[in-house]
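Coordinate-derived values only; no laboratory data. In this text the structure is predicted, and so the values were computed from the model without any measurement. Cβ sites come from the backbone with ideal geometry, for glycine too, and all protein chains shown count toward neighbours.
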Amino acid sequence: MGVAAVAGRTPDGETLGSQGLLFYLGAYGATNLAAFFAVIAITNRTGSDQVSSLAGMGRRAPLLAIVLAVSLLSLTGIPPTAGFMGKLFVFSAAVNADLTWLAVIGVINSVLSAYFYLRLVRVMYFQEPESSEKAACSPSLWAAVGGSALGMVFIGVAPWPLFALAERALRGVGS
């Protein structure tokens, strides 16, 4: 959608599609890093990558469960997450480029994805764990989880620095 909306411009001549696309890539990258680092930490401890191994993580590893849950909410596009801001910018660029139909499809896709992402949150917080053993991870993995989670939250709460960086990057390539 961001690529299709590259032609969209504000009345001032700014390229919203390019900025929105770069912002979305940054937000999506931070969100996915946080999610994957949390999943790696959980699977290292449980020895399984099955959805059922997430059961009870809200009690067994509360911080990891929170990071994964917020990441999943962000991927769904729920405010005030990085994913929401990324989708907001890309959808706005699509509407500005007279691609409203594409933005509507994107919103429908986001709603449908909520079923799959929120199902994982339900498993983590509302299903009984197979084991009551606490899930822990190494300090380096905690640093990766924490750093990516902070980036994801920062982009969701204060999106303008990343949006300004995307704008500067586009000026540098003459778009």
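Modelled spin-label separation between residue 119 and residue 105, with each label point placed 7 Å from Cα along the Cα-to-Cβ direction: 2.4 nm. The mean sequence separation of alpha-carbon pairs under 8 Å and at least six residues apart, normalised by the residue count of the range 14-173, gives a relative contact order of 41 percent. Against the main long axis of the alpha-carbon atoms of the chain, helix 100-126 sits at an angle near 10°.
For the range 31-132, the Cβ-based charge dipole about the Cα centre amounts to some 200 debye (Lys, Arg positive; Asp, Glu negative; other atoms uncharged).
For the chain, the share of alpha carbon pairs falling in successive 10 Å distance bins from zero is 11, 34, 29, 17, 8, 1 percent.
Select from 30, 149, 164 the residue whose mean-square fluctuation is largest in a Gaussian network model of the chain (Cα-Cα springs shorter than 10 Å). Result for the chain, Cα springs under 10 Å: 164 fluctuates most. The residues neighbouring residue 63, those whose beta-carbon lies less than 13 Å from its own, together hold a net charge of +4 under the Lys/Arg +1, Asp/Glu -1 convention. Summing Cβ point charges (Lys, Arg +1; Asp, Glu -1) relative to the Cα centre of the chain gives a dipole of roughly 220 debye. Within 15 Å, Cβ to Cβ, of residue 105, how many net charges do the neighbouring residues add up to if Lys/Arg are +1 and Asp/Glu are -1? Cβ neighbours under 15 Å give a net charge of 0. Between the beta carbons of residue 154 and residue 36, assuming R0 = 30 Å, the FRET efficiency works out to 0.95 to the nearest 0.05.
Between residue 140 and residue 127, the simple label model (points 7 Å from Cα in the Cβ direction) yields a spacing of 3.1 nm. Considering helices alone, the calculated mean residue ellipticity of the chain at 222 nm is -24000 deg cm²/dmol, with DSSP H runs of length four and up weighted by -39500 (n - 2.57) and normalised per residue.
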